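In what follows, a structure is listed as C-alpha cells, so that the remarks can point back to it.
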Amino acid sequence: MERLKSAVPAELRRAVGEGTAADLAATTSRLFAFFDSLPLFHQVMRELTDPELALCRKDKGRAVELKGQGNACFSRREFGEALRFYSQALRHAPINSDGINVNLVSAIYVNRASTMHKLGLFKESLRDCDRAIAVSHNYSKAWYRKGMVNASLKNYSSAVRDLEVALHEEMTSLGKSNIEQELKSILQKQENIGEVGTSSCDSMDADLPLAGQPQKIIIESISTPNKGRGMASTDDIPPASLVHVEDPMAAIIMKSSRETHCHFCFDEAPADIVFCPSCTIPIYCSKRCQEQAGGDISCNQDAHLEYNGHATTLAKLSITSSCKSPSSKVFAEHRHECGGAHWAAVLPADIVLAGRIMAQYIEKGVLYGKNVSISSTNLDLVHHYDQHSPANKLESQIYAIVLLSCLQNHYGSELLWTEDSLSQLVLLIFQIKVNSIAIVRMKSMDGGPELIVNRGVSAAEGTNMCSVEQVRVAQAIYVSGSLFNHSCRPNVHAYFLSRTLVLRSTEFIKSGSPVELSYGPQAGEMHLPDRQKTLLENYYFSCQCSSCAELNLSDLVMNSFCCPQRNCLGAISESTYYRSKENFVNVSLGGSYVYKLSLPDISKAGKDMEKVARSVFGNSDAHLNIDPGCCMNCRSQIDVSSAAATSHREASKIDRLKEITLLDKSLIPEALQSLKQLKKLRHPYSKALAQAEDTIAEAFVKAGDQEQAQKHCEASIQILEKLYHPKHIAIAHELIKLVSVLLSLGDMAGAAATFARAEAILSLYYGSHMEKILAYLGALRRAVTSESTVACS
Ligand SMILES: C[S@@+](CC[C@H](N)C(=O)[O-])C[C@H]1O[C@@H](n2cnc3c(N)ncnc32)[C@H](O)[C@@H]1O
C-alpha cells in the first residue's frame with residue numbers, strides 16, 4: 001500500500017487529507033480516477049486478486065511433501081511434530097469436486113488420526129477418522145483406525161463394528177489377517193471387561209448452549225445530551241442479569257490469532273484443525289464452523305480468474321446486478337474472499353471486515369432481487385470522519401478503492417455500484433474504527449489448574465499463581481451492541497461465548513438510567529488523562545462519563561506521592577488543582593490539558609477522600625490552588641520530580657522479577673529493598689505500590705515462599721480495594737491468586753472463604769458462564785471443596 005500512497009501527487013494528497021465527510025464524493029472520485037490511470041495500481045490489483053499469483057493456493061506437491069515429513073517424524077516417534085506436518089499437509093491438499101485428490105486427503109486424515117491416537121487425543125482422532133470416511137467411504141485404514149481408537153476408549157461394540165467394515169474393505173491378505181487379529185483381541189476384551197467407554201459424540205459440532213437465557217429485560221435506545229445515542233433500561237435491572245445477547249453482523253480474526261484460533265467461532269483451535277477446502281488461509285475448529293464461514297465453496301479454483309482491471313470511472317461501474325445467487329440465506333463471510341486470491345490475507349483486518357459487511361449487503365440484495373448499492377444509512381453508526389488525521393483519511397480512501405476493486409473482481413461486472421459507493425465505503429471503514437468491538441478470551445498465563453492446586457510444593461520446585469490475561473482474538477460489528485456508550489465506571493460487563501456478545505449487569509441499574517459498558521479504560525486501572533488519551537486515540541471522542549466528570553478517589557491517589565508528615569494520608573500530585581467557588585476543580589496537566597471536574601458530596605464520597613484531599617473540599621467560598629508537590633491535606637511540600645524519578649527506578653527494579661521464569665531467591669532481597677523505597681515515596685493507595693506488591697507476591701510463589709507470597713498478595717488486594725469499588729473484577733482476579741497461595745499453604749478454611757469472595761464477584765460478571773470463560777475455576781473450586789472437606793473430617 002505504501003507504493004500506492006507515495007504515488008499520489010501532493011495536491012491530491014492535500015485535498016484528500018484536508019477534506020471533510022461532505023467532500024468525500026469529490027475526493028474519492030478524483031483519487032479513483034488517478035489510480036485508474038496508474039499502471040502501478042493495476043499491477044497491485046493483479047497481485048492481490050489473480051489466483052495464479054496467490055500465495056494461498058492449494059498445492060498438491062507441497063501437501064505430498066509435508067505428508068512425507070509427517071511420516072518421517074511418525075517413524076521416529078516424534079508425534080507432536082508429525083501432527084504439525086500432517087495438519088500443514090491438509091492445509092495445502094486440494095480437494096477437487098471430481099475426486100482426484102480424495103485419496104491423498106483421506107490418507108493424511110488417517111495418518112493424523114493415528115498420530116493423535118498415539119498422543120492420547122482420542123476424540124480428535126475419531127473425528128479425523130470420520131472425516132477420512134466422509135471423503136472416502138470404503139477406505140479400510142480409516143475404519144481400522146476408528147476401530148482401534150474406539151477400542152482405546154473401551155467402546156468395544158463400536159470398535160468391533162468398525163473393524164468388521166475395515167475387514168470387508170481391506171484388499172490385501174496381510175492387511176486382512178492383521179485386522180482379524182485385532183478383532184479377536186477386542187472381542188475377547190469385550191467379553192472379559194464389558195462396555196465401559198464414553199460416547200464418541202463430537203462436542204465440537206454441537207450447538208453452543210447459551211445457559212441462562214436472557215431475562216425479560218428491555219433496553220431502549222435513547223438520546224443523550226453529550227454522548228449521542230445510548231442505551232437505557234425501561235425497568236430496574238437486578239445485578240448479574242443478562243442484559244443483551246447478540247451475534248455479530250460480521251467478524252474477523254486478528255492477525256495474531258490466525259494460527260491459534262478458529263476463524264469462525266474464535267475459540268482456541270483443537271489438534272484436529274479443519275481447513276478451508278478452497279484456500280490455505282483460514283483454520284477452523286470443526287466442519288460446522290468451516291461451513292458457516294465458507295458456505296458451500298466451489299472447489300474449482302479457476303472460477304475467479306475474471307479480473308477486471310479496466311474500470312475507468314466510478315460512473316462506469318454502475319452496472320445492473322444479476323450476481324450469482326448465494327446457495328443459502330445464511331451469509332458465509334469467507335466465501336467472497338476465497339478462490340485462491342490472497343487479498344483478504346494481506347489487507348488490514350478492519351478493511352477485510354468492511355468487505356464482509358459490503359458482501360453481505362450485496363448478497364442480500366441479490367437474494368431479494370434488489371439492485372445492490374451501499375450507503376451509510378445501511379449501517380447507521382457514528383464515524384467521526386472529520387476528526388481523523390490527513391494520513392488516516394488518505395490511507396482509508398486508498399483501501400476503499402482497493403477493497404472495492406477486490407469485491408468487484410469476485411462479484412464481477414454484474415454488480416451495481418452507484419457513484420457514491422466509494423465514499424460510503426470510506427465511511428463504513430471509519431464506522432468500523434469507532435464501533436467495532438474486540439472479541440477477547442481469558443488466557444491463563446501459567447500452568448493451569450493442576451499448578452494452582454499444587455499443595456506443599458518444595459521451594460526448589462516452585463509453583464505458579466493463577467493469573468489470567470485478556471487476549472484479543474477477533475474484531476466484530478454488533479449492530480445493537482454498538483449503541484452502548486462507554487463509561488469508565490461501567491454498569492454492565494461484556495464477554496463472549498464463541499462469537500456471541502453477552503452483556504451482564506454488574507450492579508443494580510435503576511429504571512431509566514444509562515446502561516454503559518467499558519470500551520477498555522476504567523477508573524482505578526488508568527488515570528483520568530490516560531483514559532481520555534486512549535479513548536481519543538482509539539475511538540475519537542473525549543469521554544463525558546461520570547468518572548471523568550467528577551473528582552474521585554482513584555484518580556486522586558493512583559499516581560500520587562505520599563506526604564512527608566507522619567500520619568498524614570494526603571495525596572501529592574504532579575498536577576495543579578485549581579478549586580473554584582462553584583464547586584469545580586480544574587486539573588491542569590501542563591500545556592492545554594485541563595480537566596474540569598465537579599466535586600462530589602463529601603458526606604457520600606467517604607472518609608478516605610476527605611483524608612486524602614481535605615484542602616480541596618474545605619473553603620468552599622474561596623479560590624484555591626494546590627500546586628504539584630503540595631500535599632492536598634496538610635500542604636507540606638516535596639520535590640515531586642525527584643520523587644517521580646526515584647520511584648520509576650525502584651519500580652522498574654521490581655519489574656525485572658517478572659522476566660525471570662525460574663527465580664533465584666537471591667534476587668528477592670533487592671526487590672524488597674526497592675519496595676521499601678517505593679513505600680517512602682508513593683501514596684499508600686497508589687497503583688505503583690499495588691503492582692509492586694503483586695509482582696513480589698508472584699516472585700515469592702516462584703521461589704516457594706508461600707507465607708511471604710500471601711502477605712504481599714493481601715497487601716496488593718488492600719490497595720485495589722481503595723482504587724476500585726469492592727466488587728470490581730480486578731479484585732476477584734487478585735483474590736483467585738490468593739486462593740492458590742492459601743491452598744499451597746494448606747490454609748483450607750482461608751482458601752474456601754477467599755474463593756467464595758472471588759466467586760461472588762465473578763458471578764456478577766459472568767453468571768452461569770463463569771466456568772466457561774475462566775476455565776481454571778472448576779478445578780480450583782474442586783480443590784477448595786475437597787481441601788475443606790478434608791479439613792472438616
Ligand atoms: C459505539 S458508539 C456508541 C453509540 C453512539 N453514541 C451513537 O450515537 O451511535 C461510540 C461513540 O459514542 C460516543 N460516546 C460513547 N461513549 C461516550 C462517552 N463516555 N463520552 C462521550 N461520547 C461517548 C462517541 O461519539 C463514540 O465515538
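Filter the range 716-732 down to the residues that are assigned to a helix (DSSP H, G or I), in contact (Cβ under 8 Å) with a residue 24 or more places away in the chain and either of a type in the set (A, V, I, L, M) or buried (at least 21 other Cβ atoms within 10 Å of the Cβ) (or both) and list them by number. Before the answer, list the steps.
So the first thing to find is which residues in the range 716-732 are assigned to a helix (DSSP H, G or I), and the list is 716-723, 729-732.
Checking the rest, the ones that are also in contact (Cβ under 8 Å) with a residue 24 or more places away in the chain come to 716, 719-720, 722-723, 729-732.
Passing the criteria: 716, 719, 720, 723, 729, 730, 731, 732.
Selection within the range 523-546: residues that are in a helix (DSSP H, G or I) and hydroxyl-bearing (Ser, Thr, Tyr). The member of this set that is nearest to the ligand (Cβ to nearest atom) is 539.
Inspect all residues belonging to the range 471-492 and state whether any of them is in a helix (DSSP H, G or I) and aliphatic (A, V, I, L, M). Don't jump to the end; show me each part of the working.
Keep residues of the range 471-492 that are in a helix (DSSP H, G or I), which gives 481-483.
Among the residues that remain, those that are also aliphatic (A, V, I, L, M) are: 483.
Among the residues of the range 471-492, at least one is in a helix (DSSP H, G or I) and aliphatic (A, V, I, L, M), which makes the answer yes.
Could you list all residues from the range 355-393 that are at pLDDT 85 or above and of a type in the set (Ser, Thr, Tyr)? Answer for the range 355-393, where residues must be at pLDDT 85 or above and of a type in the set (Ser, Thr, Tyr): 385, 389.
Would you confirm whether or not the range 552-571 contains a residue that is assigned to a helix (DSSP H, G or I) and within 16 Å of the ligand (Cβ to nearest atom)? Yes, because at least one residue in the range 552-571 is assigned to a helix (DSSP H, G or I) and within 16 Å of the ligand (Cβ to nearest atom). Within the range 480-492, residues that are more than 15 Å from residue 437 (Cβ to Cβ) and of a type in the set (A, V, I, L, M, F, W, C) have Cβ atoms under 7 Å from residues that are part of a helix (DSSP H, G or I) and more than 6 Å from the ligand (Cβ to nearest atom) in these pairs: 488/531; 488/547; 488/548, counting only partners at least 6 apart in sequence or on another chain. Quick check on the range 176-194. Is at least one of its residues closer than 19 Å to residue 117 by Cα and either outside any helix (DSSP H, G or I) or within 44 Å of the chain's Cα centre (by Cα) (or both)? Within the range 176-194, none of the residues are closer than 19 Å to residue 117 by Cα and either outside any helix (DSSP H, G or I) or within 44 Å of the chain's Cα centre (by Cα) (or both). Every condition in (1) more than 35 Å from the chain's Cα centre (by Cα); (2) in contact (Cβ under 8 Å) with a residue 60 or more places away in the chain is met by residue 627 except one, and the failing one is (2).
I need the helices (runs of 4 or more DSSP H) fully contained in the range 589-645, keeping only those with at least 3 residues that are more than 18 Å from residue 679 (Cα to Cα) and in contact with a helix residue (DSSP H, G or I) (Cβ under 9 Å, 6 or more places away or on another chain). Outline the logic, then answer.
Working: elements: 602-605, 607-612, 614-617.
Because the criterion is at least 3 residues that are more than 18 Å from residue 679 (Cα to Cα) and in contact with a helix residue (DSSP H, G or I) (Cβ under 9 Å, 6 or more places away or on another chain), the helices (runs of 4 or more DSSP H) in the range 589-645 that meet it are 607-612.
Give me a count of the residues in the range 470-480 that are modelled with pLDDT of 95 or more and within 13 Å of the ligand (Cβ to nearest atom). Within the range 470-480, residues that are modelled with pLDDT of 95 or more and within 13 Å of the ligand (Cβ to nearest atom) number 3. For the structure I just gave you, tell me whether residue 549 is near the ligand (Cβ under 10 Å from one of its atoms) and under 22 Å from residue 603 (Cα atoms). In short, yes.
The values are calculated or read from the model by the stated rules, or taken from the named source; none is laboratory data. Computed from a predicted model, the values in this text were never measured in an experiment. FYI the Cβ positions are ideal-geometry reconstructions off the backbone, even for glycines, and counts take in every protein chain you see.
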